[in-house]
Amino acid sequence: MQDAGPGRRDGPHILIVEDDPEIGGMLAETLAGNGMHAVLATSACEMQARMARQPFDLVILDVMLPGEDGFSVCRRLRAELTIPIIMLTALGEEVDRILGIEIGADDYITKPFSSREVVARIRGLLRRASYDRERHDRRVLLRFEGWRVDPLRRQGHDPDNTRISMTTTEFDLLLAFCRNPGRILSREELLTLTHGGLAGPI
């Protein structure tokens, strides 16, 4: 499938995993119109291929996918990455929303949805994920005591080169400490650096 919004490559890169071409196309067009670069995938397999070729800032993940369902995909992604994930589904039952959050999704949107709401939620999650291309060079690896933190791929590795599983908030905190070595950070500073005010008290 083709990428949407080729003129928006300077904005955040969003991967839309949705097998309905009408919904996927509408989302891609909406994001492109709001300064984001959207890439479409229709299955877990295609998602993996896309992610192997380039890093993304956020994933919009449909639950009802052909083959591997969205819940399984979310669980697998969260075990490997701290990338923000928004679950998108027609399932409106509370138990489904709770399951999505428990397995690692950062937000959950039920169809039908407002395009403006999706954009607002994406922007909120990107702020929480410290998406800030002007203040920080995300290509620079951060290192301490043998540990390695990759701001671009939002991954952390221990001295044995084992990738550590972290939630979005946990990674934001780690990044804040790495970027402020030797400083004692107050609660207010941590909230500002991690945009934690959007997620409630630390």
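The values are calculated or read from the model by the stated rules, or taken from the named source; none is laboratory data. Predicted model only: the values in this text are computed from it and were never measured. All Cβ positions, even for glycine, are placed from backbone atoms using ideal geometry, and neighbour counts span all protein chains on display. Keep in mind that these areas ignore ligands, DNA and RNA; they rest on the heavy atoms of the full protein, side chains included. Shrake-Rupley method; radii C 1.70, N 1.55, O 1.52, S 1.80 Å.
Among the residues of the range 62-83, which ones are closer than 23 Å to residue 127 by Cα and either modelled with pLDDT of 90 or more or of a type in the set (A, V, I, L, M, F, W, C) (or both)?
Correct list: 62, 74, 77, 79, 81, 83.
For the range 39-121, the helices (runs of 4 or more DSSP H) that sit wholly inside it and include 1 or more residues that are within 21 Å of residue 29 (Cα to Cα) and in contact (Cβ under 8 Å) with a residue 12 or more places away in the chain are 44-53. Residues that are modelled with pLDDT under 80, open to solvent by 20 Å² or more (accessible area, probe 1.4 Å) and within 19 Å of residue 84 (Cα to Cα) within the range 168-189 comprise just one, 169. Checking the structure you have, find out if any residue of the range 87-102 is at pLDDT 80 or above and surrounded by fewer than 14 Cβ atoms within 10 Å (Cβ to Cβ). Scanning the range 87-102 turns up no residue that is at pLDDT 80 or above and surrounded by fewer than 14 Cβ atoms within 10 Å (Cβ to Cβ). Note on the range 154-167: residues that are under 16 Å from the mean Cα position of the chain (by Cα) and either crowded, with 17+ Cβ neighbours inside 10 Å or aliphatic (A, V, I, L, M) (or both) total 4.
Would it be correct to say that residue 132 is in a loop (DSSP other than H, G, I, E, B), over 30 Å from residue 70 (Cβ atoms) and either modelled with pLDDT under 85 or not aliphatic (A, V, I, L, M) (or both)? Here the answer is no, as residue 132 does not meet what is asked. Report yes if residue 145 is modelled with pLDDT of 75 or more, exposed (fewer than 14 other Cβ atoms within 10 Å of the Cβ) and either in contact with a Ser or Thr (Cβ under 7 Å, 6 or more places away or on another chain) or closer than 29 Å to residue 22 by Cα (or both), otherwise no. No: the conditions fail for residue 145.
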